[in-house]
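A short write-up of the structure that comes next.
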2 protein chains.
Amino acid sequence: MEEGEASGFCFQKVSEMEPLIRFFEEDSADSGKLLDLLVTNEVVERSKLRRLCELASHPSVKRVGVAVDDAGVLQVLMDEARAASGGSSAASRVGVVIEIDVGQQRCGIDIASQQGEETFVALARRLIAAHRDPSGHVSFIGLQAYHGGNQHVRAAADRERTVQHVAALARKALDLLRANDCLPEGEFLVSGGGTGSFPYEIASGVYNEIQPGSYALMDRDYCLNKNAEDRTESPFKNSMFILSTVISTASAGRGWVTLDAGLKAYAVDSGLPVVWQNDELDCEQAGDEHTKLIPRTPGNLAALAHFKVGDRVWLVPGHCDPTSNLYDWMVAVQEDKVTDVWAVSARGPGM
Amino acid sequence: MEEGEASGFCFQKVSEMEPLIRFFEEDSADSGKLLDLLVTNEVVERSKLRRLCELASHPSVKRVGVAVDDAGVLQVLMDEARAASGGSSAASRVGVVIEIDVGQQRCGIDIASQQGEETFVALARRLIAAHRDPSGHVSFIGLQAYHGGNQHVRAAADRERTVQHVAALARKALDLLRANDCLPEGEFLVSGGGTGSFPYEIASGVYNEIQPGSYALMDRDYCLNKNAEDRTESPFKNSMFILSTVISTASAGRGWVTLDAGLKAYAVDSGLPVVWQNDELDCEQAGDEHTKLIPRTPGNLAALAHFKVGDRVWLVPGHCDPTSNLYDWMVAVQEDKVTDVWAVSARGPGM
């Protein structure tokens, strides 16, 4: 992995991948570029796997991959890949990464256990056989070894230690593949890591693909991650805001003013938004369409005294992903000027 | 207020009102019906107030109203109403309800205090003067006296008691208007209440308009409201579901299976979804696109043993409003058959 190299895009859903393909076809300066696309999640519906296999042959696509942790799903995928090829062995193959559980405890095979090892090797054997079959329609392209929880371990030393555990499991998976003659020739991905932990995945020497994403916008939760005193951490800063408006000052003398942003404007799973560059005020959730600004120090009504109805307040959301998911559009601003309007075209539950 | 009488629709945003008008114009069996529309919230942007005033003259609209708790906003509204009338005193007037704070502590004037009383009467005087002006462009149509928190007070007796407090404040506001010659002739709304509390607002005799809404779909939170032993409560039951799919059973032996529904599929402000008609399983939040089903009784792996990848699981969300806000469409089902597909056309932060 070399500095500055970005070879593709990751997604959690087929429904997120399709808008990107359209964007690169229609709108992007990079129109015509071939896309290397990986769904870093399990896709199990036959109809979605069919769509994925069809997209593998899309003229804008170099490669499509998907995570698998189940032998039955692999069979459906192979069937659909064959059907999508129209019988041609020259058709684009669909890539598969086997997902292992490196401690995230969500999807993936638990190779820390004997039973999990056996399940993993059995799945890898079926997959490498299809990979080596000249008339097959899937490729064994790598391992998914992602640990999302690590991204938000606050102390850098703790994050580093947990990633070492993650990397050891990824290394074990590679060893199992090698020992069972299941490691394909050539490039083989070990994919994982994220915005909060990627320096440690890179340092492990095991990972050759990382999956950062939040760096593009950030949120309050990421800004709570701490840097170790003796090392330089990622230089990212928050750049995602909710531009709210004061709609009531009727109770400024009682301890709050009311904003027009509520549960339909931000996610609360990582706590409430904070007021941008303001240590005097906190947010208090007040409904689907309302938030109250309250003084951080009880009784500090002076912090509210200057607010007028119509004033703008910049909020920083607790968690950027489910917050951006609420919006159809984002407005890009640079030096107080609107420079672009971005469609949130992959918004939605995507189930 | 007579049984079965519904004279209009409430909204929190102008952006929610517009899709309903379009729906009644284009799609509804009630096309051509005149709509009585009230924004039960403060609208303070001049551009939004302008739009509201324009909609007052829309051919499908009988009346448009909005909540106000600020004299400056009332002035902007009057200016925009005059501008929208094109100078004609015969043009449609815009209705105004003054919002009082009946304990919700969000927007609205605190008439429990002496200072709030004075603010309230001063605002009412300005409004009634405009109302009585034959060439004016706003009408004083009522009071907004809404308490959202009451909807979720669990015990019926406690809900009844809090509504009595709310009704006493609404009665005080009416008395203040009467004593200051600010009560207009004819119909005058006292509007509030909701799905959880409306029997008590009706019983108070003060309210003549109620604002229920969640009854159409319901959620887990409403189903936690308790009925008093000696009275019949609302007969509503949950009818809103998230149809999720099992995407991983790799760890069923370790205590969970994984669903494709996460923070992009349900709101968590009122807790996690529950599994429909299943007392053995709970949901555990696992990310933006993932939820884990876990046994309610630790170690009860038998509750997970029957799950296969691809199985459907019906979830009941904690809070229906911010959950439905995540979707572009809902699928209506009756007796296991799809009967309709509903566009969530007013979705969005609406700020």
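The values are calculated or read from the model by the stated rules, or taken from the named source; none is laboratory data. As the structure is a computational prediction, the values presented were derived from the model and not from experiment. For neighbour counting, all protein chains shown are included, and Cβ atoms are generated from backbone atoms with ideal geometry for every residue, glycine included.
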All-but-one check, B:Y207 against (1) part of a loop (DSSP other than H, G, I, E, B); (2) outside the structural domain of B:E99 (by the TED database); (3) over 29 Å from A:R347 (Cα atoms), failing number (2)
Output for region A:243-297, where each listed residue is out of contact with any Phe, Trp or Tyr (no Cβ under 8 Å at 6 or more places or on another chain) and among the charged types (D, E, K, R):
A:R254, A:D260, A:K264, A:D269, A:D279, A:E280, A:D282, A:D288, A:E289, A:R296
Would you call A:S270 within 14 Å of A:D219 (Cα to Cα) and within 11 Å of chain B (Cβ to nearest Cβ)?
yes
Restricting to region A:101-123, what's the tally of residues that are under 17 Å from A:T40 (Cα atoms) and either out of contact with any Asp or Glu (no Cβ under 8 Å at 6 or more places or on another chain) or not assigned by the TED database to the domain that holds A:S197 (or both)?
5
May I ask you to list pairs of residues, at least six apart or on different chains, whose Cβ atoms are under 9 Å apart, with the first in region B:311-329 being within 11 Å of chain A (Cβ to nearest Cβ) and hydroxyl-bearing (S, T, Y) and the second being surrounded by fewer than 20 Cβ atoms within 10 Å (Cβ to Cβ) and in a strand (DSSP E or B)?
B:S324/B:M330
Give the residues of region B:115-143 that are surrounded by fewer than 22 Cβ atoms within 10 Å (Cβ to Cβ), away from chain A (no Cβ under 12 Å), more than 19 Å from B:E209 (Cβ to Cβ) and not small (G, A, S), sorted by residue number.
B:E117, B:E118, B:V121, B:R125, B:R126, B:I128, B:R132, B:D133, B:P134
Of all residues making up region B:62-95, the number that are among the hydrophobic types (A, V, I, L, M, F, W, C) and under 16 Å from B:G192 (Cβ atoms)
3
Between B:K292, B:K264, B:K308, which is surrounded by fewer than 14 Cβ atoms within 10 Å (Cβ to Cβ) and either in a helix (DSSP H, G or I) or within 12 Å of chain A (Cβ to nearest Cβ) (or both)?
B:K308
In the set B:S57, B:S92, B:S15, the lone residue that is modelled with pLDDT under 95 and surrounded by 21 or more Cβ atoms within 10 Å (Cβ to Cβ) is B:S92
